[in-house]
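Input: a single structure, listed below in structure tokens.
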Amino acid sequence: MACPVQFLCRAVRTVGLVLFYYVFSIGITFYNKWLMKGFHYPLFMTLVHLTIIFCLSTLTRSAMQCWTGKPRVMLNWTDYLSKVAPVAMATALDIGLSNWSFLFITISLYTMTKSSAVLFILFFSLVFKLEEPNPYLIVVVLLIASGLFMFTFESTQFNLEGFLMVLLASFIGGIRWTLTQVLMQKAELGLQNPVDTMYHLQPVMFMGLFPLFLFNEGLTLSTSEKLFRVHELSSLLYSLVTLSIGGSLAFGLGFSEFLLVSKTSSLTLSIAGIFKEVCTLLLATYLLGDRMSELKWMGFAVCVCGISLHVGLKTYCSKSRGHTFRQLPFKNSPDLELPLLHLNLEEDESSEDNDGN
């Protein structure tokens, strides 16, 4: 009876961790869309989220240091500016443009377009020689591109400006996650733990996004009754609380992903990503009135097939060759909606990496 009981306990634990991840992942998407309906300052919202993530990362690092008795990694300025800053700048633009796009497009179009980042990650992975050339990648690219075309073809809820923002964010996301992979694979930097990575990224992300915020939103926000010209304290507190909720969801997303991968495997997160995208589209349809035609669902299905084929091939190749490819790190920000980018790592390896940090 020991084996069935252990299997049941592991299954219950896995389902619980997946649901915990879904709460933050789906929650941050709908939260951003909901907030943008009445608060038209996405860059300021992003800056607030970055500040909250930095504060929570600092508290978490301090708690981990007290628990383990070991000091957390702190990079010197040379490594910080030369290796962390480029990743932070790309991350800031990816997040900022993604949040900005919610002013113009629906959640369904955002979710679908953001998934195209797989194409750009593949491209930059080949450029940086992190991915081995494979003829099957052509099929993956065609499936994802075809699915995106079918989804946006003659869409009545299509907005070109928002679509281009998300597409540009996906392109920058390809650069971002390729550089992040290189950064986290440098063992001498000691940034294998996502909490340490988030802690080091947030300051440069804030400084990189701040000039863009001043140029686009600084004047209007300074004269807005939402914050600086507010007449009632209750309105100000309401704005601050709603913004703080998003920052907490953003940090919780990174933490839930790290917990899911460390306790199961990155393949579990990949498979969970498929159902998360489906749940997001279904909720957007029934809760927000996003219109999903048969052609859109067909395009989404084609895109999911392409992403699934990509991960399936990588998992098969890693097993047949007796080793794992270098994997793209799992997401540590709320705005990277890239399912199925993770290779299958054994649970013991994931647990050892987690314990080592």
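Determine, from the Cβ-Cβ distance of PHE30 and LEU168 and an R0 of 25 Å, the FRET efficiency 1/(1 + (r/R0)^6), rounded to the nearest 0.05. With a Förster radius of 25 Å, E is 0.65.
Most tightly packed first, judged by the mean number of other beta-carbon atoms within 10 Å of their residues, the peptides 7-20, 80-93 read 80-93, 7-20.
Among the listed pairs LYS83/LYS276; LYS70/LYS129; LYS33/LYS263; LYS129/LYS296; LYS70/LYS186; LYS70/LYS263, those whose Cα-Cα separation exceeds 24 Å are LYS83/LYS276; LYS70/LYS129; LYS33/LYS263; LYS129/LYS296. Dipole magnitude for segment 9-147: about 440 debye, using +1 per Lys or Arg Cβ and -1 per Asp or Glu Cβ, origin at the Cα centre.
With the Cα gyration tensor of segment 71-147 giving a ≥ b ≥ c as the square roots of its eigenvalues, does the rule (a/c under 1.5 for rounded; else a/b larger than b/c for prolate; else oblate) give rounded, prolate or oblate? Judged from the Cα gyration tensor, segment 71-147 comes out oblate (a/c at least 1.5, b/c at or above a/b). The listed residues LEU237, LEU212, once ranked by accessible area (1.4 Å probe) with the largest placed first, stand as LEU237, LEU212.
The values are calculated or read from the model by the stated rules, or taken from the named source; none is laboratory data. Since this is a predicted model, take the numbers as computed values, not measurements. With ideal geometry, Cβ positions are generated from the backbone for all residues, glycine too; neighbour counts draw on all protein chains shown. What goes into the accessible areas is simple: the full protein's heavy atoms, side chains included, and nothing from ligands, DNA or RNA. Shrake-Rupley method; radii C 1.70, N 1.55, O 1.52, S 1.80 Å.
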